[in-house]
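Each remark here refers to the structure printed beneath this line.
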Amino acid sequence: MFSLHFVVNGKIEKHYSLFYSRLFNDRISSDYDDFVQYDEEMVTEFRPQTVDFIAMIEDNLIQDS
């Protein structure tokens, strides 16, 4: 649904949707798997992307209000 409402109409770039999908799938896995582990390399990779993603969402919210 995220892609349908935000990527298709051009509100956000596709790479943000791919990143969100990865995070969402990891979150779902953590709900149902016994243990989910993240190593330092993964967290180091995700953190700047997450900060950028949040900033993009905030910018879109400001533009839409």
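The values are calculated or read from the model by the stated rules, or taken from the named source; none is laboratory data. A quick note: this is a predicted structure, and the numbers were derived from the prediction, not measured. Positions of Cβ are backbone-derived with ideal geometry, glycine not excepted, and every protein chain shown enters the neighbour counts.
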Test: residue in region 10-19 that is in a loop (DSSP other than H, G, I, E, B), at pLDDT 85 or above, surrounded by 11 or more Cβ atoms within 10 Å (Cβ to Cβ) and of a type in the set (D, E, K, R): yes
Region 52-65 residues that are within 15 Å of Gly10 (Cβ to Cβ), paired with ones that are surrounded by 11 or more Cβ atoms within 10 Å (Cβ to Cβ) and among the hydroxyl-bearing types (Ser, Thr, Tyr) (beta carbon under 8 Å, 6 or more apart): Met56/Tyr16
Number of the condition not met by Ser21 [criteria: (1) touching a residue at least 12 places away in the same chain (Cβ under 8 Å); (2) over 16 Å from Met1 (Cα atoms); (3) not aliphatic (A, V, I, L, M)]: (2)
Qualifying residue in region 36-51 (condition: of a type in the set (D, E, K, R), surrounded by 10 or more Cβ atoms within 10 Å (Cβ to Cβ) and modelled with pLDDT of 85 or more): yes
Filtered residue count, region 52-65, keeping only those that are hydrophobic (A, V, I, L, M, F, W, C), more than 18 Å from Leu18 (Cα to Cα) and modelled with pLDDT of 90 or more: 0
Yes/no for Gln37 being over 15 Å from the mean Cα position of the chain (by Cα), among the polar types (S, T, N, Q) and not in a helix (DSSP H, G or I): yes
